[in-house]
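Have a look at the structure below before the remarks.
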2 protein chains.
Amino acid sequence: MLSFTIQNVLIATNDDYVTVDVQVVDGKIAAIAANLEVIGTAIDGKHKLLLPGFFNAHTHSSEMWQRGIMSVLPLELWLAELYDFAPLDIEQVYLSALGTAVETLLSGGTSVVDHLVLIPGQELETIAIAIRAYKEVGIRAFIAPLIQDQSLTAGIPSGESTQNHEPYFRSTAATLEIIEEAVKKFHRPDEGVSILVAPTGIQLCTDDLFVGCIELSDRYNLCRHSHLLETRAQEKLAQEKYGCTAVEHLQRIGYLSDKTSLAHCVWLNDADIAILSETQSTVVHNPLSNLRLGSGIAPILKYRQAGVNVTFGCDGASSNDSQDLLEAIKIGSILHNVTDLDYQYWITPRKSVEMASLGGAKGLNVADQLGSLTVGKQADFVLYDLTNLSLLPRTDPIGLLVLGRPSNVVNSAWVNGKQIINNGKFTTINVDELRQELFTRSQWETKRKSETVAQIETHYRTVMGL
Amino acid sequence: MLSFTIQNVLIATNDDYVTVDVQVVDGKIAAIAANLEVIGTAIDGKHKLLLPGFFNAHTHSSEMWQRGIMSVLPLELWLAELYDFAPLDIEQVYLSALGTAVETLLSGGTSVVDHLVLIPGQELETIAIAIRAYKEVGIRAFIAPLIQDQSLTAGIPSGESTQNHEPYFRSTAATLEIIEEAVKKFHRPDEGVSILVAPTGIQLCTDDLFVGCIELSDRYNLCRHSHLLETRAQEKLAQEKYGCTAVEHLQRIGYLSDKTSLAHCVWLNDADIAILSETQSTVVHNPLSNLRLGSGIAPILKYRQAGVNVTFGCDGASSNDSQDLLEAIKIGSILHNVTDLDYQYWITPRKSVEMASLGGAKGLNVADQLGSLTVGKQADFVLYDLTNLSLLPRTDPIGLLVLGRPSNVVNSAWVNGKQIINNGKFTTINVDELRQELFTRSQWETKRKSETVAQIETHYRTVMGL
């Protein structure tokens, strides 16, 4: 039943709101106007706001297992701790993908980009189970299997010292084969599942891996994803590795394009920003993890002024430590007011909504089908209950949603015209069962010690001048 | 019924957790240990975490009426818009105080410092109605009636220009009389209501007003509150007004003390920080409003290293735009990781909890009675449901609470041993009725234009070099 009509619902116009009916036929928006004929089920939109679904444009779902417990550390050390305790269990991947989808949907997201950590030796199984979870929930999934071909210590600059790194356990060619197989098996954009090529970033990948990903991207028309210059250490490392900035290098090897989305982008200079603009690459801003890991404040206002497309991600739940997209949108918007005295450049709530919806669609090369309430586009949208206490008293609905701290405000959500949340409850999965599974399979704990952190911390502090 | 026993509840020890029973007798914590005898009602603490109540140590309750709608502007212009549309109605003050109390309690706060905007000509009535609301809800209230004796434009530096400001509508003496009367009528710390002296800040107050407040504070043993150096403009203004920093001036006139809490403290230099430490003043950090208004990032890690007591506030809901204390604690903790490369100084979740509870109590000179789970202290505490999806999977409970994005996690809350929330529901007021009142008395709106902003914006931009 992918046809329905939402009646008397508030939607945003250019700089105001209007009450309309919205007709959906066969999963697509068929009409938006006052007093439309009811096609399919009639849904009461009174005192509700309809917005296009947001994109959780960068996350790592299995990090959910370690949220709340990760030490207060910068990325390079934090990663070492993360990997020391990473879940290596397909069932856990399934449950954390469900959890990621649920929290994303409950905060207005209808699409998720999962930069998915693969269990060694079970790479395709990991991808398959995450996809199964996303399909069961019904969220639109962009699976970006996280790949690298250098070992973890290679991600820390050497500085004055000479460092030897163990070779990565799997060859570059074998890794690329896995991705190609995943594409053949799982890349079904029309069914709501896309595969992206997604080397983790310049810090742990050779040029061969990047070039192999570019070839796959071209051959199968895949979007490209990567971390980029999240930390100061990575900025240093790029100079050591390439003798130029990471952005210059990625442009040179041809990774940047209008199908490329880049998570973080904290340490770019003005020339780098011009390159992102010129290549029409998309920046995925993950404000919470950038703060949590002390990575820095990404120059988002500069990106916007340079015409670079920007959207938001939650990043993995171990560095956030949530998957609430409204929180990421709020902090990712107001954070930048302290970086430019001139308030004329600050991000308004309406701009934030556009970045989170259309910005996400652009970054995934689907702006012709998603990202706005436009006749002919897919019905991926969310209905917010404006009578919720956290959205009262009534003022500007989008202002309340973006700048407030909304809780339990998603009344309904649809992806591709299929209703996933109805009156605040999931129609597709049993969330209470998920909750019980997450409870049963975990233990409260406080004391754990990462051996790898202990091994690499001295070198890290020396190189970073601490 | 102020005696009860919480059984099998998780509490934090120095660096771990332990399961205990907590006995409360006559509103005070009588014992904390395993297997205690049940006194009064038995309360099941299983799978729950008990923490001391947090302090919402700086807010302006009536701003709730304008949350979501305020333009994206820096403080000085934002204030002009705020006052152009401020509610001037006692009933509205009542409802927004109820709303402030409810949101504070639902996010772990059991005390609120309301820097209360007074309706001109109805000053005592404003105070009385806010107190009535707080008493009805049952939250511990610190009422800091917001006073000034200079008009709004005096708060913007003159720069090269000569500015004339209208005199304030009420004399300094008359203002001080109102405060003294409020103290006599309403200051009842033993009943959970305290009055503070609370000049808005150096930007709108003469020395006479500060000195009058010091005298009242000394005579009636009142705590002192004020905004301090929230913006760069105020830093400039202090130099114009005093020829020294605002902190140096406030120290000289004797306003700083161990009973003094100062909201914001964004633009202090190292010498100023030393003065705060020496005078044992408390900094109230309001991270959300500092970002929203582009005020800057308060040097919180420096305060902590200098031994300055720091606690958290939501600030008024028009600059936040919520009253969720857990959000303020999270952002107020992780924000500072980007200000110091050395992660050894970053604020851990356990430190955040201590700042929000004991830090708040210290700033209000009640650390002997509140702010920790200590035998002999008042039973102001909150029971969190650790089976909530937003706190799963189980890892470190305090890490999940502080770094996650908890929703609906407060199972129970007590103030002075009186239960205010039970199983997520208020026992004292009807929140659904409040919700309906807030709905009925407001309208969705998008377009409003502040005349005062239009009048002062050119001067503001000139002085700030924009």
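Since every read-out is calculated from the coordinates, none of them should be taken as a lab result. As the structure is a prediction and not an experimental result, all values here were calculated from the model. Reconstructed Cβ throughout: ideal geometry from the backbone, glycine too, with neighbour counts over all protein chains shown.
Only Cα pairs under 8 Å and at least 6 apart count here; give the relative contact order of chain B as a rounded whole percent.
Dividing the mean separation by the residue count of chain B yields 19 percent.
Can you give the average number of partner chain beta-carbon atoms within 10 Å of each beta-carbon in peptide A:63-74, as a whole number?
Average per residue, whole number: 6.
Identify the residues of the range A:32-74 with backbone N under 15 Å of a label point that sits 7 angstrom from the Cα of residue A:3 along the Cα-to-Cβ direction, or state none.
Residues passing the 15 Å test: A:37-43.
Rank by packing, highest mean first: peptides A:142-155, B:108-121, A:37-50, with packing defined as the count of other Cβ atoms within 10 Å averaged across residues.
Descending mean neighbour count gives B:108-121, A:142-155, A:37-50.
Just to confirm my numbers, what's the Cα centroid distance between the range A:287-364 and the range A:102-135 in Å?
Here the answer is 22 Å between Cα centres.
Each label point is 7 Å from the Cα along the Cα-to-Cβ direction; what then is the distance between the points at residue B:219 and residue B:271, in nm?
So the two model labels end up 3.5 nm from each other.
Find every distance from the label point of residue A:211 to the corresponding label point in the other copies (7 Å from Cα along Cα→Cβ) and write them in nm, one decimal, shortest first.
8.0
If R₀ is 30 angstrom, what is the calculated FRET efficiency for the pair residue B:278 and residue B:344, using the beta carbon separation as r and rounding to 0.05?
The pair residue B:278/residue B:344 has a calculated efficiency of 0.75.
Send over the Kirkwood Rh of chain A, from the inverse of the averaged 1/r over different Cα pairs, rounded to one decimal Å.
For chain A, the Kirkwood estimate is 22.5 Å.
For q values of 0.14, 0.20 Å⁻¹, compute log₁₀ I(q)/I(0) with the Debye formula on a Cα-only model of the range B:45-162, without solvent.
Debye output, listed in q order: -0.66, -1.11.
Run down the aspartates and glutamates and flag those whose C-alpha is under 13 Å from the C-alpha of residue A:241, throwing out any fewer than 8 positions away in its chain.
A:207
Relative to the other copies, what are the label-point distances for residue B:38, with labels 7 Å from Cα along the C-beta vector, expressed in nm at one decimal and sorted shortest first?
Relative to the other copies, residue B:38 has label-point distances of 5.3 nm.
Which order results if B:394, B:350 are arranged by neighbouring Cβ count within 10 Å, fewest first?
B:350, B:394
In chain B, which residue puts its Cβ closest to the axis that turns chain B onto chain A, and how many whole Å away is it?
Spelled out, residue of B and its Cβ distance from the axis onto A: B:407, 2.
List the residues, sorted by chain then number, that are 5 or more residues from residue A:144 or on another chain and whose placed amide H is less than 5 Å from its amide H.
Counting only residues 5 or more places away or on other chains, the set is A:114, A:115, A:116, A:196.
Label-point separation (nm) for residue A:211 and residue A:88, each offset 7 Å from Cα along Cα-to-Cβ?
Here the modelled spin labels are 3.3 nm apart.
Across 10 Å bins from 0, what is the distribution of all Cα-Cα pair distances for the range A:318-461, in whole percents?
9, 25, 31, 20, 12, 2
Any chance you could run the full-extension gain for residue B:368 through residue B:462? It's 0.36 nm times the residue separation minus the Cα-Cα distance, nm to one decimal.
Taking residue B:368 through residue B:462 to full extension adds about 28.9 nm, to one decimal.
Counting only residues 5 or more places away or on other chains, whose amide H sits under 5 Å from the amide H of residue A:163 once H atoms are built in the peptide plane?
Under 5 Å from the amide H of residue A:163 lies no amide H from a residue far enough along the sequence or on another chain.
Karplus couplings for the range A:360-365 from phi (6.51 cos²θ - 1.76 cosθ + 1.60, θ = phi - 60°), rounded to Hz, Gly and Pro as x?
Values per residue, Gly and Pro as x: x, 5, 4, x, 10, 6 Hz.
Could you give each residue of the range B:36-53 its phi-based ³J(HN,Hα) in whole Hz, using Karplus coefficients 6.51, -1.76, 1.60 with θ = phi - 60°, and x for Gly or Pro?
7, 5, 7, 10, x, 5, 8, 10, 7, x, 4, 6, 10, 10, 9, 10, x, x
Please sort A:204-211, B:193-200 by packing, taking for each peptide the average over its residues of neighbouring beta carbons within 10 angstrom, highest first.
Result, highest mean first: B:193-200, A:204-211.
With θ set to phi - 60° and the Karplus curve 6.51 cos²θ - 1.76 cosθ + 1.60, what are the ³J(HN,Hα) couplings of the range A:427-435 in order, to the nearest whole Hz, using x for Gly and Pro?
So the Karplus estimates, Gly and Pro as x, are 8, 9, 10, 9, 5, 5, 5, 4, 4 Hz.
Let me have the relative contact order for the range B:1-123, percent, based on Cα pairs under 8 Å that are six or more residues apart.
25
Measuring nothing but label to label, 7 Å from Cα along Cα→Cβ, what are residue A:271's distances to the other copies in nm, shortest first?
4.2
Counting only helical runs of four or more DSSP H residues, what would the 222 nm mean residue ellipticity of the protein assembly as shown come to if each run contributes -39,500 (n - 2.57) and the total is spread over all its residues?
Rounded to the nearest 500, it is -11000 deg cm²/dmol.
Please enumerate, by chain and number, the aspartates and glutamates with C-alpha under 17 Å from the C-alpha of residue A:28, excluding those fewer than 8 residues away in the same chain.
A:37, A:190, A:191, A:368, A:380
Which whole number gives the average, over all residues in B:433-440, of C-beta atoms from other chains lying within 10 Å of the residue C-beta?
4
Check cross-link reach from residue B:236 to the lysines: straight Cα distance under 17 Å, and skip same-chain residues fewer than eight apart.
Within reach: none.
With bins 10 Å wide starting at 0, give me the P(r) of the range B:2-99 over every alpha carbon pair, in whole percents.
13, 28, 16, 17, 21, 5
Considering the dipole of the range B:59-205 built from charges on the beta carbon (Lys and Arg +1, Asp and Glu -1) around the Cα centre, which of B:117, B:59, B:72 is farthest to its positive end?
After comparing all options, I get B:59.
Could you state the orientation-averaged shadow area of the convex hull built on the Cα atoms of the range B:138-211, in nm² to one decimal?
Dividing the Cα hull surface by four gives the mean projection, 6.0 nm².
How do the peptides B:16-27, A:94-105 rank, highest first, by the average count of neighbouring beta carbon atoms within 10 Å per residue?
Per-residue mean Cβ counts within 10 Å order the peptides as A:94-105, B:16-27.
State the volume of the convex hull built on the alpha-carbon positions of the protein assembly as shown, expressed per residue in Å³ and rounded to an integer.
153
I need the Kirkwood Rh of the range A:341-422: take the reciprocal of the average 1/r across all distinct C-alpha pairs and report it in angstrom.
Averaging 1/r across every pair of different Cα atoms and inverting gives 14.2 Å.
Could you list, in their original order, any pairs among A:48/A:418; A:48/B:447; B:46/B:330 whose Cα atoms are separated by more than 21 Å?
B:46/B:330
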